[in-house]
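Notes follow the structure.
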4 protein chains.
Amino acid sequence: MIGYAFMGRAHSQAWRTVGAAFDVPEVARRVIVGRDEQAVAEAAQQLGWQEHATDWREVIARDDIDIVDICTPGFLHAEIAIAALEAGKHVLCEKPLANDTAEAEAMVEAAEAAKARGQVAALGFTYRRVPALALARQLVADGRLGSIRQVRASYLQDWLVDEDAPMTWRLRKETAGSGALGDIGSHAIDQIQHLTGQRTTAVRGRLATMIPQRQGEDGMEQVTVDDAAWATLELDGGAFGSVEVSRVANGAKNQLRIELFGTEGALRFELENPNELWFLDSTAPIAEQGFTRILVTEPEHPYLEAWWPQGHVLGWENAFTNQARDLLVAIRDGEAATYAPDFADGLALQRVLDAVIASDAADGATIPL
Amino acid sequence: MIGYAFMGRAHSQAWRTVGAAFDVPEVARRVIVGRDEQAVAEAAQQLGWQEHATDWREVIARDDIDIVDICTPGFLHAEIAIAALEAGKHVLCEKPLANDTAEAEAMVEAAEAAKARGQVAALGFTYRRVPALALARQLVADGRLGSIRQVRASYLQDWLVDEDAPMTWRLRKETAGSGALGDIGSHAIDQIQHLTGQRTTAVRGRLATMIPQRQGEDGMEQVTVDDAAWATLELDGGAFGSVEVSRVANGAKNQLRIELFGTEGALRFELENPNELWFLDSTAPIAEQGFTRILVTEPEHPYLEAWWPQGHVLGWENAFTNQARDLLVAIRDGEAATYAPDFADGLALQRVLDAVIASDAADGATIPL
Amino acid sequence: MIGYAFMGRAHSQAWRTVGAAFDVPEVARRVIVGRDEQAVAEAAQQLGWQEHATDWREVIARDDIDIVDICTPGFLHAEIAIAALEAGKHVLCEKPLANDTAEAEAMVEAAEAAKARGQVAALGFTYRRVPALALARQLVADGRLGSIRQVRASYLQDWLVDEDAPMTWRLRKETAGSGALGDIGSHAIDQIQHLTGQRTTAVRGRLATMIPQRQGEDGMEQVTVDDAAWATLELDGGAFGSVEVSRVANGAKNQLRIELFGTEGALRFELENPNELWFLDSTAPIAEQGFTRILVTEPEHPYLEAWWPQGHVLGWENAFTNQARDLLVAIRDGEAATYAPDFADGLALQRVLDAVIASDAADGATIPL
Amino acid sequence: MIGYAFMGRAHSQAWRTVGAAFDVPEVARRVIVGRDEQAVAEAAQQLGWQEHATDWREVIARDDIDIVDICTPGFLHAEIAIAALEAGKHVLCEKPLANDTAEAEAMVEAAEAAKARGQVAALGFTYRRVPALALARQLVADGRLGSIRQVRASYLQDWLVDEDAPMTWRLRKETAGSGALGDIGSHAIDQIQHLTGQRTTAVRGRLATMIPQRQGEDGMEQVTVDDAAWATLELDGGAFGSVEVSRVANGAKNQLRIELFGTEGALRFELENPNELWFLDSTAPIAEQGFTRILVTEPEHPYLEAWWPQGHVLGWENAFTNQARDLLVAIRDGEAATYAPDFADGLALQRVLDAVIASDAADGATIPL
C-alpha cells in the first residue's frame, strides 16, 4: 500500500478485516510506503503492516508483492499505477483515476495490457460496494424500475463554509485538478451511470467559486477550483440526470443523495443513512403504494451474509472491506477482464468531468461525449 | 351545537365544510348554545351560526333542530344527550362519553331506545376518521397483517411540563374524571380496539402524578388526577396491547403513535404526520421488505375523493369534516343501528379506563373485564 | 370569484373559513362565475355562494362586489384582471400571472394605476402563506442564516409517468404557456427569491420533453411543453440557486422541496410535510449542532394563533385561508402599496421563466435579467 | 478470548482494530478457546488469533495472558470469570452477567477482591459505547435535560414471529434464564439507569409467551421463557421508566429505542440509526424549538476523534472497538476501581430483571428493590 493518510487508514482497515469477514484467500499486509520515514514507520506500527518503506519503486520490484494499493494524491496515480501494472502486479487505485485525461489514457493503456495478462486493474469507487447501492443496482438491472427517465444525484459537504478556512492543495487547480466536481461530483456521476447502467452522451455544466480567495502561507491566495458545481446529463438509455455538488452546503456532512425515477418504480438513497434503501414499486395497488424503507442488513442482501445479524447496521468503512473482498475474489477466480469499476471506467468518468468544465467554459453549451 | 370552545370551533369548521367537500344532505347551522350570552353571540357571529341561545333545553325542544352536537365539558354530556335523544334528535357527543360509569350506562340505555327509533347516537372518537387510520383499519380487516400479536399505543403531550403552570379544572378528579388517561389515553385505547377489531378482556395499569401540587387561585392545591399513565391490555383475539400517556413528555405536542405487529405484517402511525401510514407486508420477498410510507392522499384512500389532488395533504381538522359526513350519511341512509363509534363503544371504553384505575389502586393487579 | 374548478374549490374553502379563523372584516361570498350555467349553478350551491353568473363583465360592473378572485386558466387572467382593476375592484389573481410577458406587462400597468387608487392587486403564490415557509422567511430576514450562498428547490410530481395518459390543454404550448416549468417551477423560483430576499440576475436552463407524443382525440399529438426542467440562477445577493421540476418523477406526489445554505445556518422544507421546518443554527456548539425539526404549530408561529392548539397540524388548504386573511387585512388597513406578492412580482417571475426557456433555446447560454 | 460465535466475532473485530483506531497499549490476540477443536482452530485462523485451545483453565493459568474476554453463553460466565479474576487477570464478560442471582453475587465478590488488586472486571453493556448514547449521557450529566421525569425504552425484534421457527436453548428457562427480558430488556433497562444516572427502586412487570410451543428435536416442546415483556420502573431520582421488549414485533430488526423527557429538554435514540441523537432544548425560544438531529460524527463527539471524518458514519461493530479502548485505557491508567459498567452493575441489573419476573408472578404487584 502506498499512502497512509485518510484513505490509507480506511484501506488498512479493509485489508485487516476482509479475511475475518469473508471466505477469501489470505492476504498479508506486507509493506506500507510513504515519503516521510518516521511517519510511515509509525503508520506501519499503528495500522498493522509488516514493513514500511519510502521508495515505492523498490517495493514494486519485490517478488513477494502481489497487489499494489494506491492511496496517494491523484497526481501520483499514473506513474505508480503504470509501473505496478508493468511489474505484473494487481492494482487497486483510489479515485480519481488521474488529474488529467492524458495521464488517464496512459493508465488505461497499461491496464488493458495488464488485463490481457490476467492482472486486475481496479478503481476505488468504493460506494459501489455499499450494500444498499449494490441492492439498488440489482433492482434496476432486474427491471424493477422499468425504463429510467430521470435521475438526481447531489453530494453536499460543508467543510468550506467558513471563509477563514485556509488555502490547501485541494483548492489549487494544478494539484487538485478540480474542486467539488472532481472530488465528490465524480462519485455522484459514477453512481448515476452505474445504477442506471447508462453512459453519458452529452453534458451541460456550471461551476462556481463562491469564496474566491483564501488565506495562504504568504497572504491571500486565489482559489482556482470550484466550491460548487451543477450539471445536467443526457444518458444513452434516454434518461436525464442532474448533479449538484458543494463544499459550502452548511450542515451537510457527507451527503450523497441519489434518486432514480423509472416508469415502474423509483429509488432513493442517502449516504448519511447508508443502511437504508427506499424503493417504490409503482405496479403495486395504488392504495398501498409508497417508498419502502429497506433496512439493508438481511443475509439476502449483497455482502451481508459476511457481516452481522439483521438490524446490526454497517458503517462507512465496511464498503472498503467489501471492495477488498471483490478484488481478492476477482484475482482468485481470474476475473480480471470483467472486474468493475476499472481504469477504463475511470477514464470515461474523467471525460464527463472534463465535459462539465468545458461546458461551463463555453457558457453552458452542450458538450457531446 | 352546545359549546363553543376548542371543540365547538372544530365542529363548526366541519359543519361549515361538509357540504362543499362531500355529497351529503344539506345541513344548516341553526343554533349555537352557551351559558354566557355575550360570548355565545360572538361565537355565533364568528363561527357562522344563524342563531345563538343560552338554554339548551329550549333549543332541544325546537322542531327545526334535527341534530344535537354536544361539545361541552364531559360532566354535562349525560344530561344533555339523554334529553336530546328523548326529544327525538340525532346526537353527536364529544368523547369522553361521561365522567363516570353510572352516567354512561344511562346514556347507553337512552341511545339504545333512540336507535330503535332510527336516531343516530354518535360518539366523537374523531381520529377514526383520519384517512390514514381508516386505511389502517381496512388493511387489518382485509387480513393484511395476519393475526395480530402485539400493539403499542402512546399519546404524549407536554403542556404540563412546567411546574408553574396553574391549577385548572382538568387537574381535579371531580371535574375531569381522570387526567391524561381519560383525556388522551381514551384515544389510544379506542384505536387499539378499533384497529385490531378486538376487545379488552383484562387490564393492568399504573398512574402517576409527577407534579402533585399546583398553584390555584387560593394557594397551592392538590392535583388529584394522573399526569401520566401506563397499561397493558389482554385482547380477546389473543393480542397484547400496551399504552403510555403523558402530559409531561417534553417536546411531544400531540403525539399519538400506534404500532401494530401481526404475523404477516405491521403498521405504524403518528398523529403529528397524519397523512402517512407505514405498512409492512412481511409476505413480500425478504430483500425488498420494509415499512412502506403510504402518503394517504390518493382518491383510492378513505375519504380522499372528496378532498384535494394527490400529495395535497390534509390537516387535523379535516377528520371532523369526515366525521360530519359519516353522520349525515348514516342519518340519510337509516344506518342508526350500525353507526360506530356509538354510546355503547364509549361505555365499553370507560370500563377499560376504570379498570386501569382500579388496577393501579390494587397495586397493579389484573382487572378482568 | 371567477372559476370553480380545483382552485375555485380551494379559494371557496378559504373565503368560507377566513372569518371563523381570523379577526377580519366580514366578507360575503356573493357571486361565482363560470361559462357553463348548470355547472356553475351547482358549484354555487355546493361551495356556498349566494349567486352564480355566466358573464364576468356584468359581475365586475356590480357595486356590491369589492373583490374579484380570478381562478380561471392563465390565458384569461389578463383580460379579467385588467377589467376588474379598472372597475375599481381589489383583485386576487391565481398564478401564473399570464401566459406571456406582453399580457403580464399590461396587467402590471393596470395594477400600478389601481394601487395608486388604494386597490390591492394580489397574486396567488399561496405557498408563501404556508406557516413553515413564512417562518423560514422570518428566520432569513432576521439574519439567522447569515449570508446565503446556495439554494436548492425542486418540485416533483408524477402524474405524467404513464405514457398512456392522454393529451390535455396543459400539454399544449398555446394554451398552457409552458409545462412543468411554468406550472410548478414558478412556485420553486418564487420561493427561492422570496425566501432569500434576492432577485435573479442571470439564468441557465434546460427543458426536456420525455414523452414527446400523447394520445389526443384525433390520434397521436405532439406534446409542445416540457415534462421536466432544470435551471441554475445567479441571485443579486451573491447566492446561487438550482431548480429541478418534473411531472414524471414516479412516487413524487406534490413534492416541493427547498434547501437554503447560509454562512451561519441552513433551512429545509418539504411540502408533503408542510408543518415541519428544519433549521440549522451553525453558530451553536458543534457537539449539539444539527437540523432542528420545528413543528410549526405554536401560537408564536406565523398565522398559527388563529388555528388549533400545538401539534394539531394544518393541511394544504389552510394556506389559502391565510392568504384570504392577508388580503382582507391589507384592504382594511390600506396596504395596497406594500402587499406582496403583487402583479409586478408575477411579471418579474415570468421573466425568469422566459429566461429559462430562452437559455434552453440558446443551448444553455446564460441569459441575463 | 473464550467463545467464538457471534459475540466472539464481534469482539475479535474490536481487538483487531483498537490499536489502529486509538492510541492504546499494544494488545496481542494470543489464544482463542472453544470446546470443539476443529471449529476453534478454524476460528483462530479466520479471526486472526495466534493460538487456539480447548481448555480454558490451562489458558487462564498462562503468564502471557493478561485479559480474559468471556463470550460464552451466560451459564458459563460465573465459573470462568471467577477463575480468571482469581488468576489475576483482567476480565471482560459479556452480558448478562450470569443466569441467576446467586452466581452473580459470587462474581461480584470475586470482582471486588480483584479490583482491590487493580484488576478490571468489566461487563459488556457495549451500547454504552455507541457514541450517540455516550453523548446522550453527557448531555444528561451536564444538566441539559433539567430534572428527568419520564423515560421510555423499547427493544423490539422479530426473529420469533414465525410460529414454525424451531425450539432452541434460548427458549428454555434452564439454559437462557429468561427470554426477551434478559436478552434485550437488559440493554433497555441498563440504558434507562445509565442515561438517567438513576437506580430503580421499584418495579411492576408483565411477561407473555405468545407462541407457547415450538417444534423441538423430539416433537413439540414447551417454550418456558417470555416472547415479550413490559415493565414500569420507579427511579430513585423521581423519574418513571417504561420498558417494552419483544421478539415477535414484525419488521423490527434490532430496534432499541430510548426517549428521555426532562424539565428542560428531551432526547431520542434508535439503534437502527445509531449515528443520530435527537435532542430537544426546551429553554430555546419557542418558535425555534424542536428535536435537533445531531449526526454524531464530529471530532467533538465521544470516541469520534479516532474514527473517520464528519458524516462518515459508524456501524454497530464500532462500539465494541470503543469498549476495547476503554478497557485498555482503564488497565493502563489503573482505573479498575471506577471502570463502569462492572460486575456490580450487572448484579444490580439482574435484580431489576428478577423483580420484573417476580412482579409478573405476583399478578403485577410492585416489587421494591
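The values are calculated or read from the model by the stated rules, or taken from the named source; none is laboratory data. Not measured: the values here are computed from a predicted model. Neighbour counts run over all protein chains shown; Cβ positions are idealised from the backbone, glycine included. These area figures cover heavy atoms from the full protein model, side chains too; ligands, DNA and RNA do not enter into them. Shrake-Rupley method; radii C 1.70, N 1.55, O 1.52, S 1.80 Å.
Calculation over all alpha carbon pairs of the range B:112-155 in 5 angstrom steps from 0 returns a P(r) of 5, 16, 15, 19, 16, 13, 11, 6 percent.
Geometric descriptor of the range C:207-314, per residue, is 193 Å³ (volume of the convex hull of the Cα atoms).
Take the Cα of B:Asp162, step 7 Å toward its Cβ, do the same at D:Arg35, and the gap between the two points is 6.3 nm.
A viscosity of 1.306 mPa s and a temperature of 10 °C, combined with the Kirkwood radius over C-alpha pairs in the Stokes-Einstein formula, give the range B:135-176 a diffusion coefficient of 110 µm²/s. The label point for C:Asp218 and the one for D:Thr101, both projected 7 Å from the Cα toward the Cβ, are 9.1 nm apart. Amide H contacts of B:Gln213 (H built 1.01 Å from N, in plane; Pro and chain starts excluded): B:Val223 sit under 5 Å, all sequence-distant by 5 or more or on other chains. With all pairs of different C-alpha atoms in the average, the Kirkwood value for the hydrodynamic radius of the range D:16-55 is 10.9 Å. For C:His52, nonlocal amide neighbours, meaning residues 5 or more places apart or on other chains whose placed amide H falls under 5 Å from its own, are C:Ile32. A helix-only calculation puts the protein assembly as shown at -10000 deg cm²/dmol for mean residue ellipticity at 222 nm, using -39500 (n - 2.57) for each DSSP H run of at least four residues, averaged over all residues. Solvent-accessible area per residue in the range D:236-312 equals 25 Å², computed with a 1.4 angstrom probe and all protein chains kept.
Rounded to the nearest whole Hz, the Karplus-based 3J(HN,Hα) values (6.51 cos²θ - 1.76 cosθ + 1.60, θ = phi - 60°) of the range C:185-202 follow the sequence x, 4, 4, 4, 6, 4, 5, 4, 6, 5, 5, 7, x, 10, 9, 6, 10, 7, with x at glycine and proline. Under 19 Å Cα-Cα from D:Lys173, which lysines qualify once same-chain neighbours fewer than 8 residues away are excluded? Within reach: D:Lys95.
Only lysines eight or more places from B:Lys89 in sequence, or on another chain, were considered; those with a Cα closer than 21 Å are B:Lys115.
Nearest chain D C-beta to the D/C rotation axis, reported as residue and distance in angstrom, is D:Thr292, 2.
Each Lys and Arg contributes +1 and each Asp and Glu -1, all at the Cβ; summed about the Cα centre of the range A:6-127, the dipole is approximately 320 debye. Each Cα pair of the range C:6-127 feeds into the Kirkwood radius, which the Stokes-Einstein equation turns, at 4 °C and 1.567 mPa s, into a diffusion coefficient of 87 µm²/s. Label-to-label distances for A:Thr224 across copies, nearest first, come out at 5.1, 7.8, 8.3 nm, using points 7 Å from Cα in the beta-carbon direction. All distinct Cα pairs of the range B:119-267 go into the 1/r average, and the inverse of that average, the Kirkwood radius, is 16.5 Å. The dipole here belongs to the protein assembly as shown: it is taken about the Cα centre, uses +1 on the Cβ of Lys and Arg and -1 on the Cβ of Asp and Glu, and is about 0 debye.
Viscosity 0.890 mPa s, temperature 25 °C: what is the translational diffusion coefficient of chain D from Stokes-Einstein with a Kirkwood Rh over Cα pairs, rounded to a whole number of µm²/s? In µm²/s, the coefficient is 114. Sorted shortest first, the distances from the B:Glu300 label point to those of the same residue in the other copies are 2.2, 4.3, 4.8 nm; each point sits 7 Å from Cα along Cα-to-Cβ.
Magnitude of the charge dipole for the range B:196-305, about its Cα centre and with charges confined to Cβ atoms of Lys, Arg (+1) and Asp, Glu (-1), is about 360 debye. With only the Cα atoms considered, the protein assembly as shown has a convex hull volume of 189 Å³ per residue. Taking the inverse of the mean reciprocal distance over all distinct Cα pairs, the Kirkwood hydrodynamic radius of the range D:88-136 comes to 12.0 Å.
Carbon-plus-sulfur accessible fraction, the range D:292-361 (probe radius 1.4 Å, protein heavy atoms only): 49%.
On a per residue basis, the convex hull of the C-alpha atoms belonging to the range C:93-175 measures out at 179 Å³.
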